Amino acid sequence: MTSTSAPDRQIERYNAKDSEPRWQQAWTQARLFETKNDDGRPKYYVLEMFPYPSGRIHVGHVRNYAMGDVVARYKRARGFNVLHPMGWDAFGLPAENAAMERKVNPREWTYANIASMRTQLQSMGLSLDWSREIATCDSDYYKHQQRLFLEFLDKGLVSRRTAKVNWDPVDHTVLANEQVIDGRGWRSGALVEQRELTQWFFRISDFADELLTGLDGLERWPEKVRLMQRNWIGRSEGLELRFALANPPAGTEDGVTVFTTRPDTLFGARFLAIAADHPLAAALAPSRPELQAFIEECRRIGTAQAAIDTAEKLGFDTGLKVRHPFDPSWELPVYVANFVLMEYGTGAVFGCPAHDQRDLDFSNKYGLGNTPVVCPEDQDPATFTITDTAYDGDGRMINSCFLDGMTTDAAFKATADRLEGEGVAKRKIQFRLRDWGVSRQRYWGCPIPIIHCESCGPVPVPVADLPVKLPDEVSFDVPGNPLERDAAWRNVPCPRCGAAARRESDTMDTFVDSSWYYARFTAPWLQDAPTDRGAVDHWLAVDQYIGGIEHAILHLLYSRFFMRAMRETGWAGVSEPFAGLFTQGMVVHETYKDAAGAWVLPAEVRLENEGGNRRAFHIGTGAEISIGSIEKMSKSKKNVVDPDDIIASYGADTARWFVLSDSPPERDVIWTEEGVQGAHRFVQRVWRLVNLAAVSNGQTQSADAALRKAAHKALASVEEDIERLRFNRCVAHIYTLANALDEALRAGATRGAADEAAGILVQLIAPMMPHLAEECWQALGRKGLVAEASWPDVERALLVEDEITLPVQINGKKRADVTVPAGADKAAVEAATLADEVVQKALEGRTPKKVIVVPGRIINLVV
Ligand code: ANZ
Ligand code: ZN
């Protein structure tokens, strides 16, 4: 807008560089964000997933923390006692990698990263309670985690057993299934091996049912996250069913028990399949070298579900036969198959090719045929056949003896009842969720507080001896876990018998560290206890948790388990840690490549836009650069922008405003220089408008009415949208108000109205652009800090619409809309309707026999 009729005045540009540190200091001095536990106001706990201290914050952090900060500042203004803490998820592999690659000490590396990232976060002006800061690698934090481990052990929530693990032979560590990609270690790329190791487990599967049903109550979680958790927990109702072996080999059991969710399809069975690690396979293998080789081949696929799902279905015919439970003369072949997992159900299945795609693929490969036993309702049973695609839906039973004609549900029940009656089957509820193996063969993690003694076995470290601290001096010159070979650290007397013993050298999965930090934040100063029951029960559940969708399953599930385990050990009276969850989208950016095909940083690129034709040039060389697709920011593609650069050139408020404004928060936002510049122009525009409002001396009262209405409308809309975390819509409402203020100032609004509207504008931007807001607050001559001010009240009377638009129907068909004053009576509405041009045209000269006015809703004309 370049109209010169506006009250033009020279106003100095807003200088973020000067202003932002000043206000940050003012907040710190006023200790505004240091939260007390004993405060009479209602509590509100807002938390963003704490960062891993990699060294620098990235734009994704900026978006995540800006969102949380909007909520925190808004809730504070609404009169809540807000808890908004920050900490560091500080253990983990990258510190060890840095130690190996750069010969730095993992501790020093981590703490240096924390220091620089803390400075970066502080430059964003976040309303964080830094007095509660925690780092999980502090023994002040992990000593409590060790105590929790021991208490869980005491309560039977921890167990120790051997388990098959994915072993990375290069990194010398156990990998989670998620860390195995196409059978290789995610970091090393080495072919993963299967190994048996003695491990510590948290017995999360004991809580499978509770973790599942608890999801129903989490109404403020995204439905997709609840669904992902449901699938992960994976509850199945089925049957454990025993098949008798027709020819049991010597020294083995005389039958095989399968788990099936489809006993209704039993008459369609064509084979039995057992896992490569099934005891029966193990019993046969020593005398059968080809079977032995096949078993080893299966092991190489690993235990990752994705790998199993995509691998070709392979089997080995053992030559054994089982008898069908409903017909002893009917024998089925027994295969060892690579798609059957020992870890699920009983490690054995019956294969029904017609109704399970995997079984069909397998059967087609080995020529085992199929018998359809479920006929879809829309098919003719006489001609229904299966060739390449299994039918896994419902229908009527066919080819199934006494089940024929039943629905699948009824057939399930009839089969289960009869087999249970015969004592060969048992109804079973099966969960996919496995216990959580927490042992990691790594240095940079929380030591498991156990001492192994030859005669006493694993002995808990006495609580008085905690923490078991990590040794400071480490060397990574040889592969493997340095703790294992640190004799001075490892060799200790047994706490029970005093004999020479050795410390457990495994450390805990870093997911343990992040499973209870939100509880520690409620009383992080406690030295002799992990938390305080009163503080935990007061603050939890977290009212609003914000983070990435990548944590939708494990982190959230483990935290939900931990909360329950802390409940069992008396540390908490609550079960669910996060009442509200929001998963924000990513920040994405264009990619750039030079003529040689090398990626180029956005900071090195100058963009030109001629008539919609965008071209890119290298700033240094002037050479043309090709513009590639928009992708998630990643170092490898160099499509990253550094928050520090943005803050240095435009200020934190611009960066915050931009990441909040451009798209719905749950969706990805495309970072563009143009977008950032647009945000920056708005910063300047707000500054200018507020300064104009502060000195306005107009006399036009008609301009006031419109302005007041716009201000209160924006206020009401922002309230509604902040509560729903629709920040981009808040931004739109604020733009609308800025336009209205601009217009009203040009039209000569009076000081009173301009001041009120400018004040509201400042309070609306305060959660998003807190520094600019303080500066404006001061320019308006308001007292104190806007960060301390309470939220303005909406004047509801101003929101009532002056006019309403009603549909007009003629003989039941909508023909027109008429706009009338909101308070108009029936006669006035009728008159306005009949006078309306469109209505008159539609009437074609006829006079209505009847006019029915339904106030506020509709007008019906009968002709
Ligand atoms: C016979 C059958 C017929 C099956 C049919 C399915 C369809 P969910 O829902 O995931 O619990 N299964 C059982 N244990 C297995 C294991 N250890 N490894 C691989 N597959 C296994 O799946 C249960 C079904 O998965 C079971 O029901 C079994 O195949 C298979 F038309 O039994 B079904
Ligand atoms: Zn001992």
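The values are calculated or read from the model by the stated rules, or taken from the named source; none is laboratory data. No experiment lies behind these values; they were computed from the predicted model shown. Glycine gets a Cβ as well: all are built from the backbone with ideal geometry, and neighbour counts include every protein chain shown.
Filtered by the rule that a residue be among the acidic types (Asp, Glu) and away from ligand 2 (no atom under 16 Å from the Cβ), segment 457-492 gives ASP472, GLU473, ASP477, GLU484, ASP486. Looking at segment 362-466, the strands (runs of 3 or more DSSP E) lying wholly inside it that each contain 1 or more residues that are surrounded by fewer than 18 Cβ atoms within 10 Å (Cβ to Cβ), within 37 Å of the chain's Cα centre (by Cα) and more than 13 Å from ligand 1 (Cβ to nearest atom) sit at 425-431, 457-460.
Scanning segment 601-622 for residues that are in a strand (DSSP E or B) and more than 29 Å from GLU550 (Cβ to Cβ) yields ARG606, LEU607, GLU608, ASN609, GLU610, ASN613, ARG614, ARG615, ALA616, PHE617, HIS618. Near ligand 1 (Cβ under 7 Å from one of its atoms) and either in contact (Cβ under 8 Å) with a residue 24 or more places away in the chain or outside any helix (DSSP H, G or I) (or both): is that true of TYR335 in this structure? For TYR335, the condition - near ligand 1 (Cβ under 7 Å from one of its atoms) and either in contact (Cβ under 8 Å) with a residue 24 or more places away in the chain or outside any helix (DSSP H, G or I) (or both) - is not met.
If you check ARG685 against the conditions, is it crowded, with 16+ Cβ neighbours inside 10 Å and of a type outside the set (Gly, Ala, Ser)? So ARG685 fits the description; yes.
Against the condition over 30 Å from MET342 (Cα atoms) and within 16 Å of ligand 2 (Cβ to nearest atom), how does GLU454 come out, does it pass? Taking the combined requirement at face value, the residue satisfies it. Does segment 255-273 contain at least one residue that is surrounded by fewer than 22 Cβ atoms within 10 Å (Cβ to Cβ) and of a type in the set (Asp, Glu)? Scanning segment 255-273, I find no residue that is surrounded by fewer than 22 Cβ atoms within 10 Å (Cβ to Cβ) and of a type in the set (Asp, Glu), so the answer is no. Of all residues in segment 340-355, which are surrounded by 21 or more Cβ atoms within 10 Å (Cβ to Cβ), more than 6 Å from ligand 1 (Cβ to nearest atom) and either farther than 18 Å from GLU312 by Cα or under 32 Å from the mean Cα position of the chain (by Cα) (or both)? Result: ALA348, ALA354. The residue list SER514, SER475 contains one member that is touching a His at 6+ places or on another chain (Cβ under 8 Å), under 22 Å from GLY92 (Cβ atoms) and more than 16 Å from ligand 1 (Cβ to nearest atom), which is SER514. Residues in segment 83-99 that are of a type in the set (A, V, I, L, M) and assigned to a loop (DSSP other than H, G, I, E, B) were compared, and the one that is nearest to TRP130 (Cα to Cα) is MET86. Selection of segment 194-209 for residues being surrounded by fewer than 18 Cβ atoms within 10 Å (Cβ to Cβ) and of a type in the set (Val, Ile, Thr) yields only THR198. Inspect all residues belonging to segment 210-230 and state whether any of them is of a type outside the set (A, V, I, L, M), within 30 Å of ILE450 (Cα to Cα) and surrounded by fewer than 20 Cβ atoms within 10 Å (Cβ to Cβ). Yes, segment 210-230 contains a residue that is of a type outside the set (A, V, I, L, M), within 30 Å of ILE450 (Cα to Cα) and surrounded by fewer than 20 Cβ atoms within 10 Å (Cβ to Cβ).
A single member of ILE553, ILE546 is more than 22 Å from SER205 (Cα to Cα) and either in contact with a helix residue (DSSP H, G or I) (Cβ under 6 Å, 6 or more places away or on another chain) or of a type in the set (A, V, I, L, M, F, W, C) (or both), and it is ILE546. Counting only residues that are touching a residue at least 40 places away in the same chain (Cβ under 8 Å) and either part of a helix (DSSP H, G or I) or among the aliphatic types (A, V, I, L, M) (or both), segment 585-600 holds 3 of them.
The single condition among (1) touching a Lys or Arg at 6+ places or on another chain (Cβ under 8 Å); (2) aliphatic (A, V, I, L, M); (3) over 28 Å from GLU756 (Cβ atoms) that VAL695 does not meet is (3).
In summary, LEU725 fulfils each of the numbered conditions (1) aliphatic (A, V, I, L, M); (2) part of a loop (DSSP other than H, G, I, E, B); (3) surrounded by fewer than 18 Cβ atoms within 10 Å (Cβ to Cβ) with the single exception of condition (3). If you go through segment 202-220 one residue at a time, do you hit one that is within 16 Å of ligand 1 (Cβ to nearest atom) and either acidic (Asp, Glu) or closer than 18 Å to ASP356 by Cα (or both)? Within segment 202-220, one or more residues are within 16 Å of ligand 1 (Cβ to nearest atom) and either acidic (Asp, Glu) or closer than 18 Å to ASP356 by Cα (or both).
Selection of first residues in segment 601-613 that are within 12 Å of GLU674 (Cβ to Cβ) and of second residues that are acidic (Asp, Glu), restricted to Cβ pairs under 7 Å at least 6 apart or on distinct chains, gives the following pairs, ordered by first then second residue: LEU607/GLU673.
In segment 213-229, the residues that are in a helix (DSSP H, G or I) reach residues that are basic (Lys, Arg) with C-beta atoms within less than 6 angstrom, at least six apart or across chains, in these pairs: LEU215/ARG226.
Selection of strands (runs of 3 or more DSSP E) fully inside segment 494-584 by the criterion of at least 3 residues being surrounded by 21 or more Cβ atoms within 10 Å (Cβ to Cβ) and modelled with pLDDT of 95 or more returns 544-548. Does ARG724 qualify as being more than 19 Å from CYS776 (Cα to Cα) and in contact (Cβ under 8 Å) with a residue 40 or more places away in the chain? It is false that ARG724 is more than 19 Å from CYS776 (Cα to Cα) and in contact (Cβ under 8 Å) with a residue 40 or more places away in the chain.
Scanning segment 317-324 turns up at least one residue that is more than 14 Å from ligand 1 (Cβ to nearest atom) and among the basic types (Lys, Arg). Are any residues in segment 340-361 among the aromatic types (Phe, Trp, Tyr) and not in a strand (DSSP E or B), and if so, which ones? Hit for segment 340-361 is TYR344, nothing else.
Scan segment 793-806 and give yes if some residue there is free of Cβ contacts under 8 Å to residues at least 24 places away in the same chain and closer than 30 Å to TRP27 by Cα, otherwise no. Looking for residues that are free of Cβ contacts under 8 Å to residues at least 24 places away in the same chain and closer than 30 Å to TRP27 by Cα, one finds at least one in segment 793-806, hence yes.
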